[in-house]
Amino acid sequence: MNWLIPPLVLVTFFPLIGFCIIFFIPKNQVGAIRWTALSTTIINFGLAIWLLSMFDKTTTQPQLAVNIPWVNLAGTPVQFFLAIDGLGLMMVLLTTFLAPLIILSTWNVILERVKEFMLSFLLLETSLLGVFLAFDLVVFFIFWEFVLLPMYFMIGIFGGERRLYATLKFFLFTMAGSVMLMLAILYLGWQGGSYAIPDLINARSTFAGAETWLFLAFALAFAVKAPIWPLHTWLPDTYTEAPTAGSAILAGVLAKMGTYGLLRFNLSLFPQATIQFAPWMAGLAVIGIIYGAAVAFAQRDIKRLLAYSSISHLGFIVLGIFALNQQGISGSILQMVNHGLTTGALFLIFGMLIERRHSRELASYGGLWKLMPTFGSLTLIITLSSMALPGLNSFIGEFNILLGAFGSQTLASTWFGIIAAVGVILTAIYLLFMFEKIFLGPIGDMENNPMPDIHLRELTILIPILVLVLWIGIYPKPFFEIINPTVEGMLAYLQSTSVALH
């Protein structure tokens, strides 16, 4: 079907319509700015659901492609090439689902320079969607780098006391990885005669001699963004100093850019190196699982605890990717969604508490269940989800990842699965400790007593997330129906390169 505006172009750039409208709204009309941003993100989520309705779940090939000749770079043509498969669709749905909820969370928090914040957020949404839909490496890199700009302003302007330090650290770490990524992309274009992923896959023999170094260059950039231990040190400071909305979008979506890149590019462009380095990547992943959980337990700042928890959970995703089998990769893709929902929700929940109490310290809380029973009940469900309790979403993802790790022929060792399973236990320990300190026990000092229970706006934010948490936990089949054909295509391609995978 011929569309006036191709669906992928519309979904990617629709937030810029809201951006342009807000740009011309006077900054003192705060209500109009907020409602315009919220309406834009809600409509874009509707457009993502429209994409879902058109998506063919039976094919392994990318769909709804837009491929327009654009420019030449160093003598190699660049194509404005967008397409979507099961992996990209899950990331688009996650991004557009969280965006309006995060916008709504700023209603009583971002009170100054609202216009600048909403402009930055809508620009960020377009950049993220471009990352997940681009099938040309140069187009991907442009969107990848553009993500930095709105995040720089969101953290640098609206963050905490050490926001400038955190912003600079975030920027420098990301740029360091991006330099290697850019050089590798230019080399691929020079050798392969194209920057489009399908063309480079067909021309893989032209750069096969440099595959190891190209894999490492791509993996470095994605490991920084994921982040994978030991390239994680920017994350605790950035998550802690970002405003609540910034922390939620960082944990919910931006951290998935790295794991998405490993799946989209490393597995497809460098299959032999992927097999070669799989045990090393899995080793870094399980170190991250244990390290993140252990350091999270030692934190007394709520946001830093969640930041290190995020490092641990992302380790599970990387482990599943490099198990290189159906269970591991499918579980990882679903867990990317689960982590976005659960950790994003935890940052939003504790942002609501910090808004009331004006403190991030665990010692400032206690006994809140008696004062906020509804709020406490909803928080408990999300906390149990993060612990991967059976019946909730994260259990499905982590269980498949562990199955993949134990059954992986590529890793050739059960120790990866065993150590990751220990990480599950450690996760339960620090999350239950956090919940006990905040919600159980005696009520804290008198400043806690006037804290009101959940508001209607807060309920509106959390209920949609809770619905998905329960839906995925009880009936994950529709999600795997989207994911599995894409994973089957990835594994079939790896097998076709004479790599024995079972």
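With R₀ fixed at 35 Å, the C-beta to C-beta distance from Val467 to Ile5 puts the FRET efficiency at about 0.70. Ranking Gly18, Val424, Tyr165 by Cα position along the charge dipole of the chain, where only Lys, Arg, Asp and Glu carry charges on their C-beta atoms, puts Tyr165 farthest toward the positive end. The charge dipole of segment 153-237, taken about its Cα centre with unit charges on the Cβ of Lys, Arg, Asp and Glu (plus for the first two, minus for the last two), comes to roughly 160 debye.
Of the peptides 95-107, 484-496, 330-342, 9-21, the order by per-residue mean of other Cβ atoms within 10 Å, starting with the highest, comes out as 330-342, 95-107, 9-21, 484-496.
Modelled spin-label separation between Leu459 and Ala492, with each label point placed 7 Å from Cα along the Cα-to-Cβ direction: 4.9 nm.
Taken over the chain, the convex hull of the Cα atoms encloses 132 Å³ per residue.
Treating r as the C-beta distance of Phe24 and Tyr165 and R0 as 51 Å, the FRET efficiency rounds to 0.90. In a simple Cβ point-charge model (Lys, Arg +1; Asp, Glu -1; nothing else charged), the chain has a dipole of about 440 debye relative to its Cα centre. Considering the dipole of segment 272-394 built from charges on the beta carbon (Lys and Arg +1, Asp and Glu -1) around the Cα centre, which of Ser386, Trp280, Leu324 is farthest to its positive end? Farthest along the dipole direction, towards plus: Ser386. Approximating the spin labels as points 7 Å out from Cα along Cα→Cβ, the Ile443-to-Arg113 distance works out to 3.8 nm.
Projecting the Cα positions of Met336, Ile396, Ala248 onto the charge dipole of segment 7-496 (unit charges on Cβ atoms of Lys, Arg, Asp and Glu, taken about the Cα centre) puts Ala248 furthest along the positive direction. Straight-line cross-link partners of Lys370 among the aspartates and glutamates, defined as a Cα under 15 Å from its Cα and at least 8 positions apart when in the same chain: Glu436, Asp445, Glu447, Asp453.
In this model, which of Lys115/Lys225; Lys256/Lys437; Lys57/Lys225; Lys225/Lys256 are farther than 18 Å apart at the alpha-carbon? Among Lys115/Lys225; Lys256/Lys437; Lys57/Lys225; Lys225/Lys256, the Cα-Cα distance tops 18 Å for Lys115/Lys225; Lys256/Lys437; Lys57/Lys225. Rounded to the nearest Å, what's the spacing between the alpha carbon centres of segment 40-71 and segment 77-92? Just the number, please. Taking the Cα centre of each part, segment 40-71 and segment 77-92 sit 8 Å apart. Residues within the reach of a label modelled at Ile157 (point 7 angstrom out along Cα to beta-carbon, backbone nitrogen below 13 Å), restricted to segment 85-125, are 110-124. Each peptide in 172-180, 348-356, 223-231 receives the mean, over its residues, of other Cβ atoms within 10 Å, and ordering these scores from highest gives 223-231, 348-356, 172-180.
Take the Cα of Ile142, go 7 Å toward its beta carbon, and the backbone nitrogen atoms of segment 173-204 under 14 Å from that spot belong to 195-196. Taking 0.36 nm per residue of separation and subtracting the current Cα-Cα distance, fully stretching the chain between Tyr475 and Leu16 would add 161.7 nm. Among 291-302, 248-259, sorting by the average number of other beta carbon atoms lying within 10 angstrom of each residue, highest first, gives 248-259, 291-302.
How high is the relative contact order of the chain, given as a whole-number percent (alpha carbon pairs under 8 Å, six or more residues apart)?
This gives 15 percent for the chain.
Here the alpha carbons of segment 87-231 define both size measures, Rg and Dmax, at 17.5, 56 Å. Residues of segment 71-85 falling in the label zone of Asp56, defined by backbone nitrogen less than 17 Å from a point 7 Å along Cα to beta-carbon, are 83-85.
Considering all C-alpha pairs of segment 351-502, those separated by over 18 Å amount to 68%.
Bear in mind that the values in this text are calculations on the coordinates, not laboratory data. Predicted, not measured: the structure shown is a model, and the values here were computed from it. So basically every Cβ, Gly included, is an ideal-geometry build from the backbone, and we count neighbours across all protein chains shown.
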